[in-house]
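See below for the structure under consideration.
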Amino acid sequence: MSKKSKPSVAIVMGSDSDLKVMNAAAEQLKEFGVESVVDIVSAHRTPDWLYEFASNAEKNGIKVIIAGAGGAAHLPGMIASLSVLPVIGVPINVTALGGVDALYSIVQMPKGIPVATVAIDNAANAALLAVRILGVSDVALQKKMHLYRQSLDDLVQKKRKQIRLK
Ligand code: RP5
């Protein structure tokens, strides 16, 4: 039986309606063998739970937090204000504004409390950035990132050959 290590990445989101987007982060991390924990933390509906989660994340062994939110999207910024861990925000497209509202909200953090922001709905990139952050102090994981980069290169080279054959 393989022993599961403690999750080093927390993937949180404002609502279960964000899961269809945020699942991509968990799947991407799994491909790198990185354990994650997935949860709902709403900045406006569960402010006490938000405080408890963010202020204890470091103590709980979490190294990187990925936070997805739509609309006013204050979740990633609030988490970053309560923790010194790196926070990666995923703006989610759930409103009539197509996710631009969440993008602006997350990316426009005032000086002092940074939130790294990926493209709208791009939870996979949040996971890849988390892997790169963890890889700085984990040689084996960084090696996997080298291989991943190479696989992207290989794929494009293959496609180049294919279109030249047509
Ligand atoms: C935000 O409000 C959540 O992140 C979600 O994207 C959005 C809508 O939530 P629901 O009304 O679908 O629960 O807090």
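State whether one or more residues within the stretch 153-162 are within 16 Å of the ligand (Cβ to nearest atom) and either modelled with pLDDT of 95 or more or not in a loop (DSSP other than H, G, I, E, B) (or both). No, that holds for no residue. Count of the stretch 60-72 residues, restricted to those that are more than 7 Å from the ligand (Cβ to nearest atom) and touching a strand residue (DSSP E or B) at 6+ places or on another chain (Cβ under 9 Å), is 7. Scanning the stretch 49-82 for residues that are closer than 14 Å to residue 9 by Cα and acidic (Asp, Glu) yields a single hit, 58.
Between 102, 96, 126, 116, the distinction of being over 12 Å from the mean Cα position of the chain (by Cα) and buried (at least 18 other Cβ atoms within 10 Å of the Cβ) belongs to 102 only.
Restricted to the stretch 1-55, and to residues there that are within 20 Å of residue 73 (Cα to Cα) and among the aromatic types (Phe, Trp, Tyr), the residue that is most open to solvent (accessible area, probe 1.4 Å) is 51. Pairs are defined by a Cβ separation below 9 Å, a sequence spacing of at least 6 or placement on different chains, a first member in the stretch 137-166 that is within 20 Å of residue 31 (Cβ to Cβ), and a second member that is among the aliphatic types (A, V, I, L, M) and exposed (fewer than 10 other Cβ atoms within 10 Å of the Cβ); the pairs so defined are 142/136. Within this structure, residue 111 fails the test of being open to solvent by 50 Å² or more (accessible area, probe 1.4 Å), closer than 27 Å to residue 135 by Cβ, away from the ligand (no atom under 16 Å from the Cβ) and not β-branched (Val, Ile, Thr).
Take residue 69 and decide whether it is buried (at least 20 other Cβ atoms within 10 Å of the Cβ), over 18 Å from residue 7 (Cβ atoms) and not charged (D, E, K, R).
Working: buried (at least 20 other Cβ atoms within 10 Å of the Cβ): yes; over 18 Å from residue 7 (Cβ atoms): yes; not charged (D, E, K, R): yes.
Yes, satisfied.
For every residue, the table says whether it meets (1) modelled with pLDDT of 95 or more; (2) under 17 Å from residue 122 (Cα atoms).
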{"residue": "5", "(1), (2)": "no, no"}
{"residue": "22", "(1), (2)": "yes, yes"}
{"residue": "26", "(1), (2)": "yes, yes"}
{"residue": "52", "(1), (2)": "yes, no"}
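Let's see how each residue does on (1) within 15 Å of the ligand (Cβ to nearest atom); (2) touching a residue at least 60 places away in the same chain (Cβ under 8 Å):
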position: 90; (1), (2): yes, yes
position: 105; (1), (2): yes, no
position: 120; (1), (2): yes, no
position: 128; (1), (2): no, yes
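When residue 85 is tested against (1) out of contact with any helix residue (DSSP H, G or I) (no Cβ under 6 Å at 6 or more places or on another chain); (2) closer than 14 Å to residue 11 by Cα; (3) crowded, with 22+ Cβ neighbours inside 10 Å, only condition (3) is not met.
The values are calculated or read from the model by the stated rules, or taken from the named source; none is laboratory data. This one's a predicted model, so the numbers in the text were calculated from it and none came from an experiment. Neighbour counts are summed over all protein chains in view; Cβ atoms, including those assigned to glycine, are modelled from backbone coordinates with ideal geometry. Heavy atoms of the whole protein, side chains included, go into the accessibility calculation; ligands, DNA and RNA do not. Shrake-Rupley method; radii C 1.70, N 1.55, O 1.52, S 1.80 Å.
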